[in-house]
Amino acid sequence: MAEVVVLRSGYARVETDGVTRAGGSVALVLSERRIIVDTGGPSERSVILGALARNGLVPEQIDCVVCTHGHTDHVGNNNLFPGATFFMGGDCSRGDRFREVDYASGPLEIAPDVQVTATPGHTSEDLSVVVRTARGVVAIVGDLFEDANDALGDRWAAFSRDPVRQRRSRAEILAIADCIVPGHGEPFFGAVFRGRRP
Ligand SMILES: [Zn+2]
């Protein structure tokens, strides 16, 4: 079984001057490979390094980085991991070597109990990571879900490139996940929402 450690729960808040401050969730998945899902915003380099250090790791020990989507608060520290294999949209790259992944034929298993699956909607190329753990299925989903509060409402649709596709992707994840790590909030229990309108 694999394991998920949330290195930093994402946040988003509107300040009194109307400016939104946000940073995406960063998660570590431990299986036969060490995998980072999203790398936070460009100003958060020390946040990632500190969280890795608290887990006894340095960036050179990370084998793979999965980028849930290309917004700056989710991919800002990719170059902490120059030796890793990257997954983003349909690209899989290592160094300057690229190959294409076609998620239309199903999820891609990147390590035992760890699958990458396409969950488009927030952008056209979103990926989610579905992890089978001893405590159930954990889905790390980027901004497919902003936070637990938007699990049932429609607030997410304001940030969606394609709300129809996103609603479908959300339903697919809710159907299989016991726990969801959203893009901008604490993990929440997907099972609570199962069968309800996503
Ligand atoms: Zn986003």
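The values are calculated or read from the model by the stated rules, or taken from the named source; none is laboratory data. Every value quoted in this text rests on a predicted model; they were computed, and no experiment measured them. Here the Cβ positions follow ideal geometry from the backbone for every residue, glycine too, while neighbour counts run over all protein chains shown. Note: areas computed on protein heavy atoms with side chains; ligands, DNA, RNA excluded. Shrake-Rupley method; radii C 1.70, N 1.55, O 1.52, S 1.80 Å.
Magnitude of the charge dipole for the chain, about its Cα centre and with charges confined to Cβ atoms of Lys, Arg (+1) and Asp, Glu (-1), is about 340 debye.
Working from the Cα coordinates of the stretch 95-154, the gyration tensor eigenvalues give, after taking √(5λ), semi-axes of 23, 17, 10 Å in decreasing order. Largest first and in whole Å, the equivalent-ellipsoid semi-axes of the stretch 37-173 read 24, 18, 16, each the square root of five times a Cα gyration tensor eigenvalue. Protein heavy-atom surface of the stretch 1-86, 1.4 angstrom probe: 49% of the accessible area is carbon and sulfur, with nucleic acids and ligands not counted. Largest accessible area first, the residues V114, V58 order themselves as V58, V114 under a 1.4 Å probe with ligands, DNA and RNA left out. Remark: the chain carries 49 Å² of accessible area per residue (probe radius 1.4 Å; ligands, DNA and RNA excluded). In the stretch 1-57, the ratio of gyration radius to Kirkwood radius, Rg to Rh, stands at 1.08 when only Cα atoms are counted.
The figure for H71 is an accessible area of roughly 70 square angstrom, using a 1.4 Å probe on the protein chains alone.
Of T16, G41, A151, which is farthest towards the positive pole of the chain's charge dipole, taken about the Cα centre with +1 and -1 on the beta-carbons of Lys, Arg and Asp, Glu respectively? Looking along the dipole axis, the top candidate is A151. A probe of 1.4 angstrom, applied to the heavy atoms of all protein chains, finds E186 with accessible area near 120 square angstrom. The Kirkwood hydrodynamic radius of the stretch 1-95, based on inverse pair distances between different Cα atoms, is 13.6 Å.
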